[in-house]
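**Q** Here it is, the structure in full.
The values are calculated or read from the model by the stated rules, or taken from the named source; none is laboratory data. None of the values given here were measured: they were computed from a predicted structure. Methodologically, a virtual Cβ is constructed for each residue, glycine included, from the backbone with ideal geometry; neighbour enumeration extends over all protein chains shown. When the accessible area is computed, the model is the full protein with side chains, heavy atoms only, and any ligands, DNA or RNA have been set aside. Shrake-Rupley method; radii C 1.70, N 1.55, O 1.52, S 1.80 Å.
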Amino acid sequence: MRRYALIRTLSILPTLLGVTIAVFILIRLIPGTVVDQMIGTEGSFSEETARALRAFFGLDVPMHVQYGRWLSAVTQGDLGRSWRTGLPVLQMILSRLEVTAELTLGAMLVALAVGVPLGILSARRENTPLDHAVRVASLFSLSIPVFWQATMMILAASLWFNWAPRVDFVSAWVDPAGNLAIMALPSFALGTAVAAVFMRMTRSSLLEVMGEGYIRTARAKGVSEPGVIWGHALKNSLIPLITVAGVQVGYLLGGAIVTEEVFTLPGVGRLILWAVFQRDYPLVQGTILFVSALFMLANLVVDLVYAALDPRIRYG
C-alpha cells in the first residue's frame with residue numbers, strides 16, 4: 001500500500017509541470033498584455049514609458065526566460081505577486097478559498113443526496129415508467145449549461161418568491177443562517193448536473209451487481225429486498241461511484257467559476273475571471289495551478305481509498 005501511495009503521489013509532479021507549461025502559454029495567447037490594459041484604460045503613455053512598464057513586469061525578456069523565473073519561484077513555494085494589487089497570489093487565493101470550498105462541498109452534498117437515491121430507485125424499478133422518467137430527467141439535467149440553469153433559478157425565485165440572491169457574502173462562521181440563504185441556491189444549481197452523473201453510475205453499477213450469484217443466494221435464503229439492496233448490493237457497487245465522485249470534484253471546481261459569477265460570490269472562480277480580464281499573469285497562473293493541484297489531490301485521495309477498498313488495485 002505504501003509503495004502504491006508513493007507511486008501515485010510522484011505521478012502528480014509531471015502533470016503539474018504540464019499544467020504550468022499549458023497555463024503559461026495559453027494566458028499569453030490572449031491578445032493584449034497588462035501594459036496594453038493600463039494604456040487603454042488609464043490614458044496614453046509614451047513608447048518609452050510603455051517599454052519601462054514592460055521591463056517592470058518582466059515582459060521584455062523571452063518567454064522561456066519568463067517561464068524559468070516563474071517556475072523557479074513556484075518550486076520554492078512562491079506563486080508571485082499580483083500585478084494589479086501588489087498582494088501575494090497565495091494570500092489572495094486563500095482569502096477566496098472558503099467560498100469556493102463551501103460551494104463545492106454544498107454541490108457535492110446535493111449531488112449525492114439527489115443522485116444516489118434516484119439511482120437506487122431507478123435500478124429497483126428497471127424498465128418501468130418510473131425508470132424511464134428518471135433517466136430522461138438525468139439526461140435533461142446533463143444537457144443544461146450550468147450558467148443557464150443558475151440564471152433561470154434566479155429568475156424563477158425572483159418572480160415566484162420575490163427573492164434575489166444577496167451580493168454581500170457572509171461567512172458561515174459569522175452568520176450560519178445568512179450563509180445558508182446565500183449558498184443554498186448556487187449549491188443546488190451546481191449540484192444537480194453532477195447528481196445526474198451519480199444517478200446513472202449508481203443505476204448501472206447496482207444493476208451489474210444485482211446479477212451476481214451471491215445476490216441470488218441472499219434472496220434464496222429469504223433476505224428481504226431492502227436487505228439485499230442495502231446489505232449486499234449497494235456496498236459492493238460503491239467503488240465505481242467513489243471514482244466518479246473524485247473526478248466530479250474537478251467538474252465542480254470548473255463549474256464554480258461560472259456559478260460564482262452568476263451569483264456574485266467572491267470565490268476563486270471570480271478571482272480567475274478578474275485576473276484574465278486584467279491580464280494579471282501571475283495571478284492567473286498561480287490560481288489555476290493551485291486549483292489544479294487541489295483537483296489532483298482529490299483524485300489521489302480517491303485512488304488511495306479505491307486501493308484500500310479493493311486490494312486488486314494496489315497489487316495489480
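Conditions (1) in contact with a Pro (Cβ under 6 Å, 6 or more places away or on another chain); (2) among the aliphatic types (A, V, I, L, M); (3) modelled with pLDDT of 85 or more; (4) more than 19 Å from Val291 (Cβ to Cβ), marked per residue:
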residue	(1), (2), (3), (4)
Thr33	no, no, no, yes
Ala55	no, yes, no, yes
Asp60	no, no, no, yes
Gly68	no, no, yes, yes
Ala73	no, yes, yes, no
Gly86	no, no, yes, yes
Leu94	no, yes, yes, no
Thr100	no, no, yes, no
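**Q** Considering (1) open to solvent by less than 70 Å² (accessible area, probe 1.4 Å); (2) assigned to a loop (DSSP other than H, G, I, E, B); (3) over 26 Å from Thr264 (Cβ atoms); (4) not hydroxyl-bearing (Ser, Thr, Tyr), say which one Asn127 fails and leave the rest.
**A** (1)
**Q** When the stretch 152-178 is examined, which residues are found to be open to solvent by less than 60 Å² (accessible area, probe 1.4 Å) and touching a residue at least 24 places away in the same chain (Cβ under 8 Å)?
**A** Met153, Ile154, Ala157, Pro165, Phe169, Ser171, Ala172
**Q** Tell me which residues, restricted to the stretch 276-296, are buried (at least 20 other Cβ atoms within 10 Å of the Cβ), among the aliphatic types (A, V, I, L, M) and closer than 20 Å to Arg54 by Cα.
**A** Leu283, Val284
**Q** Another question about this same structure. Does the stretch 65-73 contain any residue that is assigned to a helix (DSSP H, G or I), polar (S, T, N, Q) and exposed (fewer than 15 other Cβ atoms within 10 Å of the Cβ)? Before the answer, list the steps.
**A** Residues of the stretch 65-73 assigned to a helix (DSSP H, G or I): 65-73.
Next, only the ones that are polar (S, T, N, Q) stay: 66, 72.
Cutting the leftovers down to exposed (fewer than 15 other Cβ atoms within 10 Å of the Cβ) gives us 72.
Yes, there is a match, as at least one residue in the stretch 65-73 is assigned to a helix (DSSP H, G or I), polar (S, T, N, Q) and exposed (fewer than 15 other Cβ atoms within 10 Å of the Cβ).
**Q** So, one more: Being open to solvent by less than 10 Å² (accessible area, probe 1.4 Å), part of a helix (DSSP H, G or I), hydrophobic (A, V, I, L, M, F, W, C) and over 12 Å from Ile93 (Cα atoms) is the filter here; which residues of the stretch 252-275 pass it?
**A** If the condition is that a residue be open to solvent by less than 10 Å² (accessible area, probe 1.4 Å), part of a helix (DSSP H, G or I), hydrophobic (A, V, I, L, M, F, W, C) and over 12 Å from Ile93 (Cα atoms), then Leu252, Ala256 are the ones that fit.
**Q** Quick one: how many residues across the stretch 130-151 are open to solvent by 40 Å² or more (accessible area, probe 1.4 Å), farther than 19 Å from Leu185 by Cβ and not hydrophobic (A, V, I, L, M, F, W, C)?
**A** Summing the residues that are open to solvent by 40 Å² or more (accessible area, probe 1.4 Å), farther than 19 Å from Leu185 by Cβ and not hydrophobic (A, V, I, L, M, F, W, C) in the stretch 130-151 gives 3.
**Q** If you don't mind, another one. Quick one: Trp230 ticks every box in (1) in contact (Cβ under 8 Å) with a residue 40 or more places away in the chain; (2) in a helix (DSSP H, G or I); (3) of a type in the set (A, V, I, L, M, F, W, C) except a single one, so which number is it?
**A** Trp230 satisfies all of (1) in contact (Cβ under 8 Å) with a residue 40 or more places away in the chain; (2) in a helix (DSSP H, G or I); (3) of a type in the set (A, V, I, L, M, F, W, C) except (1).
**Q** Let me ask something additional. Looking at the stretch 185-197, is at least one residue open to solvent by 60 Å² or more (accessible area, probe 1.4 Å), modelled with pLDDT under 80 and under 22 Å from the mean Cα position of the chain (by Cα)?
**A** So the first thing to find is which residues in the stretch 185-197 are open to solvent by 60 Å² or more (accessible area, probe 1.4 Å), and the list is 188.
Filter again for modelled with pLDDT under 80, leaving none.
So far as the stretch 185-197 goes, no, none of its residues is open to solvent by 60 Å² or more (accessible area, probe 1.4 Å), modelled with pLDDT under 80 and under 22 Å from the mean Cα position of the chain (by Cα).
**Q** For the stretch 210-217, state whether one or more residues are at negative phi and open to solvent by less than 20 Å² (accessible area, probe 1.4 Å).
**A** yes
**Q** If you don't mind, there's one more thing I want to ask. If you scan the stretch 208-233, which residues turn out to be within 34 Å of the chain's Cα centre (by Cα) and among the acidic types (Asp, Glu)?
**A** Result: Glu208, single match.
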